[in-house]
Amino acid sequence: MPEKKFYLTTPIYYVNARPHIGHAYSTIAADVIARRHRLLGDDTFFLTGTDEHGQKVERSAAAAGIPPLQFADQVSATFRALWDRMGITYDDYIRTTEPRHTEAVQKLFQLLLDRDKIYLSSYTGQYSIGEEMFVDGPPGTIGPDGKPTETVTEENYFFRLSAYQLPLIDLIESEDPENRLLIQPESSRNEVLSFLRGNVAEATDRGDVLELSALGKAYVPGALKDLSISRTSFKWGIPVPGNEKHVIYVWLDALANYMTAIGYGSNDPVQQEKFQRYWPADLHLVGKEITRFHCVYWPAFLLAAGIPTPRSVVANGWLLFDDSKMSKSKGNVVRTETILDAFGTEVYKKQFPDSTKKEQDLFAADVLRYFLLREIPFGQDGSFSFDAMITRYNADLANGYGNLVSRTLSMIEKYFEGLIPEGIVDPELGQRLEASVVLGSQNFHAYGFSNLLEILMASIKAIDVYITFHAPWKLAAVGDEKSNADLRDTLHTAFESIRILTVLLYPILPSATAKVWAQLGLGDIEVAAQNGELQNLEWGGLKPGTKLGPLAPIFPRADKGLAQIMVDMENPSSTPQKPEHPKPSKFVDETTTHTSAAPSDPTDPGAAPRTSSLVETAPGMTVGGSYASSTARPETPSHTEARASGVFANAAAQSDIPDTPQIVIDDFVKIDLRVAQIVVAERIPKADKLLRLEVDLGYEKRQILSGIAEWYTPEELLGKKIVVIANLAPRKMRGLESHGMLLAASHGDDGKPVLATFGEEIAVGSRLK
Ligand code: MSP
């Protein structure tokens with residue numbers, strides 16, 4: 001077994017959303033790093049998986065009308081199938097609902113209890129459902145997910161996080177590579193450190209006493225508060241050992257996956273040995289919004305448990321679409337499947353009609369890997385667009401790398417019957433490539449993928465220029481001894497350069513480089529990687545006389561029209577002529593929530609866990625209503641960067657088809673539908689779509705905010721008797737409470753809500769049953 005081990009992880013993905021390319025981005029980066037470490041000969045372990053507990057998942061499952069585990073099973077399988085489709089080389093796939101995980105998490109909790117790091121107390125605060133965390137602020141505070149928080153009072157177990165302020169600062173500030181938590185990029189490290197240090201400037205102004213870390217940096221003592229780490233308000237989680245009305249805080253549960261997957265808490269000696277071998281993790285790759293969990297809570301739990309802390313946490317930026325983070329709740333996601341299907345069939349299959357689906361998928365996965373890593377400097381945010389992807393593909397892969405391979409190898413085929421000629425490497429190009437190797441490995445090490453690829457593409461251009469300058473076709477035409485020697489040197493140099501570039505590109509383009517490797521006559525690149533043969537990046541590593549493999553194009557050119565095809569795949573409603581693209585998902589998520597078990601009133605601002613900003617930013621979409629799907633959107637994307645509504649909106653578009661799960665009468669009686677009379681109706685300043693209503697329920701008056709301002713004037717609503725879901729929990733919107741929801745049907749192409757009213761006289765407060 002190799003001396004050096006490398007254990008890396010992706011975040012485990014929430015199962016309340018289907019995967020989109022934002023998720024694929026983290027996983028791709030991890031796969032690239034894992035492949036690079038494997039080829040360097042490290043004993044590499046790459047973990048990914050799904051995060052399946054918590055209120056979000058419980059609610060999504062309830063909305064879909066199925067038990068949470070069944071819901072989690074479906075979505076987790078979708079993630080896994082996608083990673084398999086993309087050829088992701090994870091070594092294990094952990095699900096937090098697996099017994100190996102739940103049992104070990106309970107052990108960890110018990111250990112923390114035994115060590116007096118946890119105590120029981122009660123707490124009232126603002127809880128962000130989306131981010132599964134308490135946040136500071138008054139009721140109605142907008143949480144980090146952009147949605148109003150809920151007031152939660154709970155008897156909770158608390159973790160003594162406050163005791164770890166200085167140890168954590170010291171751990172992160174430490175300059176000892178063997179004994180520190182390295183956080184990259186610098187911006188994330190600074191963010192974590194300033195959170196840990198507290199507001200030093202304000203404390204200084206107030207004249208408070210500051211303390212100094214081991215490195216002599218000031219911090220505000222007491223800035224870090226104890227952390228609530230159990231919940232009683234919902235059930236879907238791992239029970240606290242010995243007090244089962246509590247479930248363990250989902251972040252403690254989730255973070256522990258990094259240890260439970262490799263055997264922490266297991267009684268099996270094989271698992272225990274695995275844990276000894278791989279822990280601590282060398283790299284947790286995370287999105288930038290979850291660094292605090294990984295760099296504050298996680299190392300604090302470990303310090304408290306007496307377990308070594310991870311060596312590094314590296315944060316990637318966000319993929320943006322239309323300038324905002326691609327995310328399910330905004331509905332602006334691009335599905336990875338769209339890219340795999342489009343590039344796989346429209347580019348690869350067109351060139352190779354007999355290719356298998358697997359070959360097409362792996363080809364397309366390489367294109368996505370390349371694009372994301374080249375386009376966006378790792379750690380920063382970057383915009384995604386289909387046009388940019390096609391342009392980049394054609395320029396760098398089809399016309400760049402692919403063309404270089406094809407012209408070089410076809411000349412070796414033509415002039416040397418496919419046998420690699422012996423020759424002398426051009427010293428200038430040789431030096432350039434040597435520099436690329438050094439810079440390449442530095443950039444791999446520093447996660448500078450975009451730089452790395454820029455350097456490699458510049459080298460490809462230099463080799464092209466070199467070939468054109470030496471004009472092998474002219475040398476071959478002359479045919480004297482000197483020209484023949486030049487011809488051999490030129491093609492030998494070009495071949496060697498390609499070999500070296502291919503090794504450097506392998507972690508990023510595993511499928512394409514495997515084909516190039518075979519065409520170079522060097523065999524199976526995976527085997528070469530496993531045998532450590534790809535570590536040799538020196539000139540002359542090639543055996544002259546090697547016979548080329550069969551030649552074929554590696555990167556067929558992509559037509560510009562492909563961008564529109566991808567847009568159409570994301571918005572099938574805009575292209576009714578292509579019903580086969582793609583199948584609407586059966587999956588029910590936030591957007592479709594109200595089409596199934598949950599009430600589906602488009603007039604209720606609190607119906608879906610959406611933000612108030614959505615009301616204003618997404619024309620054609622009203623608050624919370626599944627009727628407000630992409631079909632309702634007035635504009636069809638006119639150009640390829642217009643918008644990606646994602647499959648969620650598509651699924652919602654199908655909501656008229658009555659395929660919602662059946663419910664029993666007991667489910668129905670849980671909904672308290674009442675006749676209510678509108679007694680006050682008014683517009684809300686700066687909220688074009690919202691009306692503030694006061695309704696009389698007979699037994700009480702209520703305030704309800706409703707997203708119907710586009711369709712109803714306040715005047716025409718006054719006095720109307722309507723139907724209200726009376727027992728819906730109150731929610732805050734724009735600082736105002738909305739208690740209840742109006743019932744309306746969705747009408748016509750624009751999904752106009754039509755309020756349910758009565759044709760006969762009816763007393764307010766009457767129950768509908
Ligand atoms: N379940 C938690 C992580 C627990 S780890 C112990 C979680 N899940 S998530 O599904 O919401 O996000 C998982 C990862 O996907 C995060 O790193 C997040 O940053 C990443 N991405 C989700 N959308 C993204 C983009 N639009 N762009 C880039 N990455 C994004 O958080």
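List the relative contact order of the chain as a percent without decimals, with contacts defined as Cα pairs under 8 Å and 6+ residues apart. Contact order relative to length: 12 percent.
The phi-based Karplus calculation (6.51 cos²θ - 1.76 cosθ + 1.60; θ = phi - 60°) puts the 3J(HN,Hα) values of the stretch 681-693 at 9, 8, 6, 10, x, 6, 10, 4, 9, 9, 10, 9, 10 Hz, whole numbers, x for Gly and Pro. Partners of LYS4 within straight-line reach, counting lysines whose Cα lies under 18 Å from its Cα and excluding those fewer than 8 residues away in the same chain: LYS274.
Tell me, what is the FRET efficiency for LYS769 and SER324 to the nearest 0.05, using R0 = 51 angstrom and their Cβ-Cβ distance as r?
After rounding to 0.05, the efficiency reads 0.75.
Each label point was placed 7 Å from the Cα along the Cα-to-Cβ direction; for ASP208 and ILE671 their separation is 5.0 nm. Among HIS20, THR50, GLY65, pick out the residue whose Cα is farthest towards the positive end of the charge dipole of the stretch 12-70, where Lys and Arg carry +1 and Asp and Glu carry -1 on C-beta, about the Cα centre. Among HIS20, THR50, GLY65, the one farthest towards the positive end of the dipole of the stretch 12-70 is HIS20.
Decide, for the stretch 258-324, between rounded, prolate and oblate: order the square roots of the alpha carbon gyration tensor eigenvalues as a ≥ b ≥ c, take rounded if a/c falls under 1.5, and otherwise choose prolate if a/b is larger than b/c, else oblate.
prolate
Taking amide H as placed 1.01 Å from N in the peptide plane, the amide H of SER228 sits under 5 Å from that of PHE159, each at least 5 places away or on another chain. Along the stretch 249-262 the Karplus relation, 6.51 cos²θ - 1.76 cosθ + 1.60 evaluated at θ = phi - 60°, assigns HN-Hα couplings of 3, 4, 6, 5, 4, 5, 4, 5, 4, 4, 9, 5, 5, 9 Hz to successive residues, with x for each Gly and Pro.
Among beta bridges identified by DSSP and lying wholly in the chain, the antiparallel ones come to about 70 percent.
Please work out the Cα center distance from the stretch 120-180 to the stretch 449-485, rounded to the nearest Å. About 58 Å separates the Cα centre of the stretch 120-180 from the one of the stretch 449-485. Placing unit charges on each Cβ (+1 for Lys and Arg, -1 for Asp and Glu) gives the chain a dipole about its Cα centre, and among PHE352, ALA529, THR141 the Cα reaching farthest toward its positive end belongs to THR141. The 3J(HN,Hα) values that the Karplus relation (6.51, -1.76, 1.60; θ = phi - 60°) gives for the stretch 420-437 are, in residue order, 5, x, 6, x, 9, 5, 4, x, 5, 5, x, 5, 4, 5, 4, 5, 4, 5 Hz. Gly and Pro appear as x. Taking the fewest neighbouring Cβ atoms within 10 Å as the starting point, the ordered list for TRP251, TRP298 is TRP251, TRP298. Straight-line reach from LYS225: taking Cα to Cα under 16 Å and skipping same-chain neighbours fewer than 8 places apart, the lysines in range are LYS117.
The H on the amide N of GLY379, modeled in the peptide plane, is under 5 Å from the matching H of GLY317, each at least 5 residues off or on a different chain. Computed on the stretch 216-369, with alpha-carbon pairs under 8 angstrom and 6+ residues apart, the relative contact order is 12 percent. Put simply, when 333-340, 420-427, 223-230, 239-246 are sorted by average Cβ atoms within 10 angstrom per residue, most first, you get 333-340, 223-230, 420-427, 239-246. Summary of the geometry: the stretch 53-76 and the stretch 23-47, compared by the centres of their Cα atoms, lie 30 Å apart. Structure note, pairs LYS701/LYS732; LYS349/LYS414; LYS515/LYS560; LYS5/LYS325: Cα-Cα distances above 29 angstrom occur for LYS5/LYS325.
Inter-part distance, the stretch 665-726 to the stretch 271-325, computed on C-alpha centroids, equals 46 Å. A simple packing score, the average count of other Cβ atoms within 10 Å per residue, orders the peptides 258-268, 542-552, 78-88 as 258-268, 78-88, 542-552, with the highest score first.
Sorting the segments 681-692, 702-713, 42-53 by their residues' average number of neighbouring beta-carbon atoms within 10 angstrom, most packed first, yields 42-53, 702-713, 681-692. For the stretch 30-109, the Cβ-based charge dipole about the Cα centre amounts to some 180 debye (Lys, Arg positive; Asp, Glu negative; other atoms uncharged). DSSP beta bridges confined to the stretch 4-163 are antiparallel in about 55 percent of cases. The amide H of GLY418, built 1.01 Å from its N in the peptide plane, has GLU413 as neighbours under 5 Å, considering only residues 5 or more places off or on other chains. Just name one of ILE500, PHE343, THR309: the one whose Cα is farthest towards the positive end of the charge dipole of the chain (beta-carbon charges, Lys/Arg +1, Asp/Glu -1). Checking the options against the dipole of the chain, the answer is PHE343.
Bear in mind these aren't lab numbers, they're just calculated from the coordinates by the rules spelled out. Just so we're clear, the structure is a prediction, and the values are computed from it rather than from any experiment. All Cβ positions, even for glycine, are placed from backbone atoms using ideal geometry, and neighbour counts span all protein chains on display.
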